[in-house]
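I have a structure here, written as structure tokens, and I will follow up with some questions on it.
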Amino acid sequence: MKRESSMQEITAVASPSLALLKYWGKQDGGINLPATPSIAVTLGGLESRARVAFAPDGTGDLIVLNGREQPPHHFAPMLNELRQLARDDRGFVIESSNNFPTAAGLASSSSGFAAVAGAVARLLGLPTEPEQLSPIARIGSGSAARAVFGGFTLWPAGASCATPLHPVDFWPELRVVVVTVSAGAKSISSRAAMEATRRSSPYYEAWVRDAAALLEDGIEALASRDLEKLGVIMRRSYMRMFGSMLAADDPILYWRAGSLNALLLCEELRGRGIQAWETMDAGPQVKILTEESSVELVLEELHAYFPEKTPLVAAPGPGLRFVE
Ligand code: PMV
């Protein structure tokens, strides 16, 4: 697996983009063009780190993620785009690692592809502003279009890139408690699951229509930092996304018993006046939005259900950065 590479090496770090309103489904006419608009927050403290160098002459890409060699075709469309932009056909040696569970519905693909896009662009001497990297990272994984930015982002339906909505310090009290219900990789990739939903779910079109209708209220609730209002809209978004998946042939079911327990706990906490609003993605993990002042209590309550787990607590975090 080890190969000699040229001396020059670039390391980039990115954090995952957690969708508050979900991207689920692709439009025709481009790679990873979203059928639905999404709003997201970049999660500080969770990190994907990519180290890249040119591959030895005449050899292709070698990609190692958390110590495991990856099939190069997953990365080829994005890396080919970068090579084309730079008019440079050399291969790359890429080593990437995450400080949190990979491919388990914690948006590791968003941060992973964002970090690789940034590191390779810099190696090739291309611009590395998030605005320029967003449409390139998107080719790797849709949500990576958002992860190059810090703070809060918007990715409109059909758009080739995401745009910043609010900076990282916009909502300092906001916390995201991440409950890793099951750390194993997910049963079906988001790419395959989105395609199956589009192809076979009788609710897919309704989901796409409804997601568009949620956007304005979502943007407004976020702008006013109103967690209760935002939470209600977030819940509509993720529940309706899963509604469309459950109706697919075969049904797509990322949830596990622990996911449901965490959801019910959030409902109970809200009944007691505590702002704890959950969301989920393409995996069993549950992410709970709450305020800094309620974190201790939420953790205590979670402990009763998940005594063997230590949830991560994230705050809004920075976008792509380089390690000099
Ligand atoms: O970028 P992908 O292909 O991993 O898809 C992300 C899909 C969701 O996480 C479920 C939603 C989102 O907007 O991030």
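Here are some conditions: (1) assigned to a loop (DSSP other than H, G, I, E, B); (2) under 27 Å from Gly29 (Cα atoms). Ala117 meets all but one. Which one does it not meet?
The single condition Ala117 does not satisfy is (1).
Further question: Pick from segment 93-125 the residues that are of a type in the set (Ser, Thr, Tyr) and surrounded by fewer than 20 Cβ atoms within 10 Å (Cβ to Cβ): which of them is farthest from the ligand (Cβ to nearest atom)?
Ranking the qualifying residues of segment 93-125, first place goes to Ser97.
Against the definition (touching a helix residue (DSSP H, G or I) at 6+ places or on another chain (Cβ under 6 Å) and either under 21 Å from Thr42 (Cα atoms) or part of a helix (DSSP H, G or I) (or both)), how does Arg235 come out, yes or no?
So Arg235 fails the test.
All but one of (1) closer than 30 Å to Ser293 by Cβ; (2) surrounded by fewer than 19 Cβ atoms within 10 Å (Cβ to Cβ); (3) within 16 Å of the ligand (Cβ to nearest atom) hold for Val178; which doesn't?
(2)
Does Ile288 count as crowded, with 21+ Cβ neighbours inside 10 Å, among the β-branched types (Val, Ile, Thr) and in a loop (DSSP other than H, G, I, E, B)?
no
Since Ile10 meets every condition but one in (1) farther than 22 Å from Ser237 by Cβ; (2) in a helix (DSSP H, G or I), which condition does it not meet?
So Ile10 meets the others, but not (2).
Do you know which residues across segment 1-45 are more than 15 Å from the chain's Cα centre (by Cα), closer than 20 Å to Ala114 by Cα, at pLDDT 95 or above and away from the ligand (no atom under 13 Å from the Cβ)?
Result: Glu9, Ile10, Thr11, Ala12.
Next question. Name the single residue that is surrounded by the fewest Cβ atoms within 10 Å (Cβ to Cβ) among those in segment 189-224 being assigned to a loop (DSSP other than H, G, I, E, B) and in contact (Cβ under 8 Å) with a residue 40 or more places away in the chain.
From segment 189-224, those assigned to a loop (DSSP other than H, G, I, E, B) are 189, 201-203, 224; that's our starting set.
Adding the requirement that they be in contact (Cβ under 8 Å) with a residue 40 or more places away in the chain leaves 189, 201-203.
Working: Ser189: 15, Ser201: 21, Pro202: 10, Tyr203: 16.
If we take residues in segment 189-224 being assigned to a loop (DSSP other than H, G, I, E, B) and in contact (Cβ under 8 Å) with a residue 40 or more places away in the chain, then Pro202 is surrounded by the fewest Cβ atoms within 10 Å (Cβ to Cβ).
Which condition number in (1) of a type outside the set (Lys, Arg); (2) more than 13 Å from the ligand (Cβ to nearest atom); (3) in a strand (DSSP E or B) is the one that Thr153 fails?
Condition (2) is where Thr153 drops out.
Let me ask another. Restricting to segment 126-146, count the residues that are more than 9 Å from the ligand (Cβ to nearest atom) and either not charged (D, E, K, R) or not in a loop (DSSP other than H, G, I, E, B) (or both).
Quick first cut of segment 126-146, residues more than 9 Å from the ligand (Cβ to nearest atom) only: 126-137, 139.
Subset that is either not charged (D, E, K, R) or not in a loop (DSSP other than H, G, I, E, B) (or both): 126-128, 130-137, 139.
So the answer is 12.
Going by the structure shown, is Ala192 farther than 29 Å from Gly151 by Cβ, among the hydrophobic types (A, V, I, L, M, F, W, C) and within 13 Å of the ligand (Cβ to nearest atom)?
Against the criterion (farther than 29 Å from Gly151 by Cβ, among the hydrophobic types (A, V, I, L, M, F, W, C) and within 13 Å of the ligand (Cβ to nearest atom)), Ala192 qualifies.
Hey, another quick one. Can you pull out every residue in segment 264-281 that is away from the ligand (no atom under 16 Å from the Cβ) and either charged (D, E, K, R) or assigned to a helix (DSSP H, G or I) (or both)?
The answer is Leu264, Leu265, Cys266, Glu267, Glu268, Leu269, Arg270, Gly271, Arg272.
Condition first: within 27 Å of Ala193 (Cα to Cα) and among the hydroxyl-bearing types (Ser, Thr, Tyr). Now tell me which residues in segment 217-244 satisfy that.
If the condition is that a residue be within 27 Å of Ala193 (Cα to Cα) and among the hydroxyl-bearing types (Ser, Thr, Tyr), then Ser237, Tyr238, Ser244 are the ones that fit.
The values are calculated or read from the model by the stated rules, or taken from the named source; none is laboratory data. The structure presented is a predicted model; accordingly, all values stated were derived computationally and were not measured. Cβ coordinates were reconstructed from backbone atoms using ideal geometry, including for glycine residues, and neighbour counts include every protein chain displayed.
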